[in-house]
Amino acid sequence: MTTHSPIADTPAATLDEAERAAVRVLLVDDHAVFRAGLRELLDLHGLDVVGEADDGDAALELVQETAPDVVVMDLDMPGVSGVEATRRISAAAPATRVIVLSASDEDNDVMEAILAGASGYLLKRVPVEELVAGISRAADGESTVSPAIAGKVLRRLRESTPAPSGASGLTDRELQVLRLIADGKGNSQIAAQLHISPKTVKNHISNILMKLQIENRIQAAVYAVRSGIA
């Protein structure tokens, strides 16, 4: 039987090779054939795969041993689930970003992963170039969600009962940045729209995360929608 990787084998992404070569990646998936195919594709695109794990417990151990920049995490695994592993990694190694790579586009799976601390959520059917770009963005502190699921998740949030409104001491500029994050804008787009530097955008985002006591920009977008800010 011939087994094909769920991720399409597409031409190399246009990201700078030197920048991507520095990104250290840990793969977590209970299917060995999938991991092997994914490792080969990421190697071809200049990423440094520092290890593989087949469950959440092994993932946490390898994070502590290898200190990867980004963990590519499956959700449906025996033993410790991908969501729980994401939560533990986010608590034990906050400098390590987690991107979920799953076959599921169910709202509950997406929301649980995001609230557990995932910096991105991509579907296994995405082209490898999109995954490589997402890994690079995660390493740079940004977030990625597959367009196929982002819209419906935000709609679900807007239809749900809002959380108590409050800006937690955010300045007017920070509120502007937060609204643009909720609109799906990247740092360079926010900088251009507000006529400020990308470094200033990063500083504002750091302040927003600190004041809201949340871990990443996806959670910031969720907060903005549920609190009525966006």
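Using a ≥ b ≥ c from the Cα gyration tensor of the range 17-153 (square roots of the eigenvalues), is it rounded, prolate or oblate, where a/c under 1.5 gives rounded and otherwise the larger of a/b and b/c decides, a/b for prolate? Note, shape of the range 17-153 comes out rounded. Each 10 Å bin from 0 upward holds the following percent of the Cα-Cα pairs of the range 162-226: 23, 61, 16, 1. Scaling the Cα radius of gyration of the range 72-146 by the globular reference 2.2 N^0.38 Å produces a ratio of 1.00.
Dipole check for the range 41-107: with +1 at the C-beta of Lys and Arg, -1 at the C-beta of Asp and Glu, and the Cα centre as origin, the magnitude is about 320 Debye.
No lab work stands behind these numbers, since they all come straight from the coordinates. These numbers were taken from a predicted model, which means no experiment stands behind them. Quick reminder, even Gly has a Cβ in these numbers, built from the backbone with ideal geometry, and neighbours come from all protein chains shown.
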